[in-house]
Amino acid sequence: MHITEAMVLAAGLGTRMRPITETMPKPLVRVAGKPLVDYALDLLADAGVERAVVNVHHFAEQMIPHLQNYPRLEVLISDETSGLMNSGGGLVKGLKLLARDPVFVMNADLFWIGDDDRKKSSLARLAATFDPDTMDMALLCVDMDHVTGHNGKRDFNLGHDGRLSRYQEGDADPVVYAGAIVLNPALFDDAPDDAFNLNLYFDRAIASSRLYGMRLKGEWITVGTPEAIGEAERTIERQKAG
């Protein structure tokens, strides 16, 4: 499956990144000289995405011109300056700006490095994995020994058949949700119009055995605090050094 559209969730307040986010939005915080949101957009462009919606709220007046000047794909703005919609509500609002075909969904404060350039990227592999007949969502996941900046929390257990369940102590194959999804927008036809958390739909999909996962190849980096910037940059340097 070739996916050409995406949604990037970028409207949060970035409270854990203070004091940096007292004067700028978290997605524009630079890691190794590049704004966080550009890492997400670059990964999408590398996977063949042509159009992406990005939601904005905190310091939207800084975000919008930056996004409008992003060169590698068309960026549409989903404006949440009148009120935050949480992860689920923001996603549903943004998806209304796109077609009804399957899309990528990504968080703006994380990325990964080290995909094997000779093979399909992790996003391309995730798209190839997605089967709308049997799945509500396919999530990119990562093992704990390939993460930087994470708090140590396991999110899911990855079954031998690819199905995900909520992690419980002692599970055989714990993984971290890597912040990238493939889904069909029709999944949200019954969604509320106000704010809600996307976890609601994760749990619904688990209950119907329709939440699947795929392992990331490479090193996953999340940047949630000022201290995590240096940690991320050190991981990038190690990767460059081979």
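The table below gives the values:
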read-out	value
Residue check for Val29: surrounded by 24 or more Cβ atoms within 10 Å (Cβ to Cβ) and in contact (Cβ under 8 Å) with a residue 40 or more places away in the chain	no
Residue that is surrounded by the fewest Cβ atoms within 10 Å (Cβ to Cβ) [pool: residues in segment 32-46 that are of a type in the set (A, V, I, L, M) and closer than 11 Å to Arg72 by Cβ]	Ala45
Matching residues, segment 173-193, being in a loop (DSSP other than H, G, I, E, B) and under 24 Å from Asp131 (Cβ atoms)	Asp173, Asn184, Asp189, Asp190, Ala191
Residues of segment 197-216 satisfying the condition of being surrounded by 15 or more Cβ atoms within 10 Å (Cβ to Cβ), of a type in the set (Gly, Ala, Ser) and part of a loop (DSSP other than H, G, I, E, B)	Ser209
Residue ranges of helices (runs of 4 or more DSSP H) in segment 49-142 with at least 1 members surrounded by fewer than 17 Cβ atoms within 10 Å (Cβ to Cβ)	60-68, 122-129
Filter result for Phe202 (out of contact with any Phe, Trp or Tyr (no Cβ under 7 Å at 6 or more places or on another chain), over 18 Å from Leu123 (Cβ atoms) and hydrophobic (A, V, I, L, M, F, W, C))	yes
Search result, residues across segment 209-242 that are within 18 Å of Asp115 (Cβ to Cβ) and of a type in the set (Phe, Trp, Tyr)	Trp220
Top-ranked residue in segment 143-156 [being acidic (Asp, Glu) and in contact (Cβ under 8 Å) with a residue 12 or more places away in the chain; ranked as surrounded by the most Cβ atoms within 10 Å (Cβ to Cβ)]	Asp155
Any hit, segment 11-26, residues being closer than 23 Å to Leu98 by Cβ, free of Cβ contacts under 8 Å to residues at least 60 places away in the same chain, buried (at least 17 other Cβ atoms within 10 Å of the Cβ) and touching a helix residue (DSSP H, G or I) at 6+ places or on another chain (Cβ under 6 Å)	yes
First in segment 201-222 and at positive phi, second anywhere and of a type in the set (A, V, I, L, M, F, W, C), Cβ under 8 Å, 6 or more apart	Gly218/Trp112; Gly218/Ile113
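Quick grid of which residues meet (1) more than 20 Å from Leu36 (Cα to Cα); (2) at pLDDT 95 or above:
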{"site": "Ala186", "(1), (2)": "yes, no"}
{"site": "Pro192", "(1), (2)": "yes, no"}
{"site": "Ala207", "(1), (2)": "yes, yes"}
{"site": "Glu231", "(1), (2)": "no, no"}
{"site": "Thr235", "(1), (2)": "no, no"}
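The values are calculated or read from the model by the stated rules, or taken from the named source; none is laboratory data. Quick caveat: nothing in here was measured; it's all calculated off a predicted structure. So basically every Cβ, Gly included, is an ideal-geometry build from the backbone, and we count neighbours across all protein chains shown.
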